[in-house]
Amino acid sequence: MSSPHTAPPQASSQRRALVLFSGGQDSTACLAWALQRFASVETLGFDYGQRHRVELDCRQTLRHELQARFPQWAAKLGEDHLLDLSLLGQISNTALTEARAIEMQANGLPNTFVPGRNLLFLSFAATLAYRRGASVLVGGMCETDYSGYPDCRDNTLKSLQVALSLGLDTPMTVETPLMFLTKAQTWALSESLGGAALNELIIEHSHTCYLGERTQRHAWGYGCGSCPACELRARGYAEFKAGQV
């Protein structure tokens, strides 16, 4: 896995990438990051029975707006794919897949942790990328501003990158441009990629709230304002606007 700052965009210009694109802030920033660097970029979403399924409805709007507002990226944005992983929701017992209160568990993890989610996501993504001729998987996993999810850790994803490359018998790179960024720095990254216009797009059209709330509009976007995802996004936006990046 490489850092988002280790290679100039031209070094990756001929490679094809597949972005895990949920319709949230982080995956939208990652999509812009990939469009800036790779010759061709496709997107992949997963329907796993998440309570905030409204995020899936945001995906096509975000793709359309990116193409309309950023013509330099429009020709690079390829097909979108949506996989039905409802089985994951069936075998999970979490606050992301059931109408339960969000709380910490005895093991120190919040009950929003969906065991194996990112492992499955990347395994399916690698299978699709192999068929589509892409050699780079891009995900918004992050160690800095995250809820303690073990499948978001850099070491987890480095290990998975090795396993995927061995299992497919072809190099498969897992890129995580947000891995060591705070949420405020993620806002700064998207601004550096697409200016204020990209951040405005993220505020208006992306979705992060775990409860799927889109009737309340805040300075940082739509959401309940009180779930962990909303609190993190709001705090990061406030720090970004205050220049604390």
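Could you please give the count of residues in the stretch 19-40 that are over 14 Å from the mean Cα position of the chain (by Cα) and not in a helix (DSSP H, G or I)?
3
Please list, ordered by first then second residue, the pairs with beta carbon atoms under 6 Å, 6 or more apart or interchain, first in the stretch 154-172 and more than 19 Å from ARG15 (Cα to Cα), second part of a helix (DSSP H, G or I).
Partner pairs satisfying both residue conditions: LEU160/LEU122.
Suppose we keep only residues that are in a helix (DSSP H, G or I), among the aliphatic types (A, V, I, L, M) and crowded, with 19+ Cβ neighbours inside 10 Å within the stretch 149-181. Which one would you say is farthest from the chain's Cα centre (by Cα)? Working first, answer last.
Taking the stretch 149-181 and keeping what is in a helix (DSSP H, G or I), we get 150-152, 154-168.
Subsequent filtering for residues that are among the aliphatic types (A, V, I, L, M) retains 157, 160, 162-164, 166, 168.
Pick out the ones that are also crowded, with 19+ Cβ neighbours inside 10 Å and you get 157, 160, 164.
Numbers: LEU157: 14, LEU160: 17, LEU164: 19 Å.
Among residues in the stretch 149-181 that are in a helix (DSSP H, G or I), among the aliphatic types (A, V, I, L, M) and crowded, with 19+ Cβ neighbours inside 10 Å, the one farthest from the chain's Cα centre (by Cα) is LEU164.
Name, by its number, the condition in (1) at pLDDT below 95; (2) closer than 17 Å to LEU35 by Cα that does not hold for LEU178.
(1)
Restricting to the stretch 182-212, and then to whatever is more than 19 Å from PHE21 (Cα to Cα) and either without any contact (Cβ under 8 Å) to a residue 40 or more places away in the chain or of a type in the set (Gly, Ala, Ser) (or both), can you tell me which residue is surrounded by the fewest Cβ atoms within 10 Å (Cβ to Cβ)? Can you show your working first?
So in the stretch 182-212, the residues more than 19 Å from PHE21 (Cα to Cα) come out as 182, 184-185, 188, 192, 195-197.
Applying the additional criterion that residues be either without any contact (Cβ under 8 Å) to a residue 40 or more places away in the chain or of a type in the set (Gly, Ala, Ser) (or both) yields 184, 188, 192, 195-197.
Numbers: ALA184: 20, ALA188: 19, SER192: 12, GLY195: 12, ALA196: 9, ALA197: 12.
Step by step, filter the stretch 182-212, then rank; the result is ALA196.
Identify, from the list LEU189, LEU178, LEU201, LEU193, the residue that is among the aliphatic types (A, V, I, L, M), under 29 Å from ALA74 (Cα atoms) and in contact with a Cys (Cβ under 9 Å, 6 or more places away or on another chain). It would help to see each step written out before you state the result.
Numbers: LEU189 fails: in contact with a Cys (Cβ under 9 Å, 6 or more places away or on another chain); LEU201 fails: in contact with a Cys (Cβ under 9 Å, 6 or more places away or on another chain); LEU193 fails: in contact with a Cys (Cβ under 9 Å, 6 or more places away or on another chain).
Exactly one of LEU189, LEU178, LEU201, LEU193 is among the aliphatic types (A, V, I, L, M), under 29 Å from ALA74 (Cα atoms) and in contact with a Cys (Cβ under 9 Å, 6 or more places away or on another chain), namely LEU178.
Which number in (1) at pLDDT below 95; (2) closer than 19 Å to HIS207 by Cα marks the one condition that GLY89 misses?
(2)
From ALA134, ALA95, ALA106, ALA129, which residue is small (Gly, Ala, Ser), part of a loop (DSSP other than H, G, I, E, B) and modelled with pLDDT of 80 or more?
On the way: ALA95 fails: modelled with pLDDT of 80 or more; ALA106 fails: modelled with pLDDT of 80 or more; ALA129 fails: part of a loop (DSSP other than H, G, I, E, B).
When all the criteria are applied, what remains is ALA134.
Among what's in the stretch 41-83 and is polar (S, T, N, Q) and not in a helix (DSSP H, G or I), pick the residue that is surrounded by the most Cβ atoms within 10 Å (Cβ to Cβ). Steps first, answer last, please.
First, pick out the residues of the stretch 41-83 that are polar (S, T, N, Q): 43, 50, 60-61, 67, 72.
Narrowing the set further to residues that are not in a helix (DSSP H, G or I) leaves 43, 50.
Values: THR43: 26, GLN50: 22.
Looking at the filtered set, the residue picked out is THR43.
The values are calculated or read from the model by the stated rules, or taken from the named source; none is laboratory data. Note that the coordinates shown come from a computational prediction; the quantities given were computed from them, not determined experimentally. Here Cβ is always computed from backbone atoms with ideal geometry, including for glycine, and neighbour counts include all displayed protein chains.
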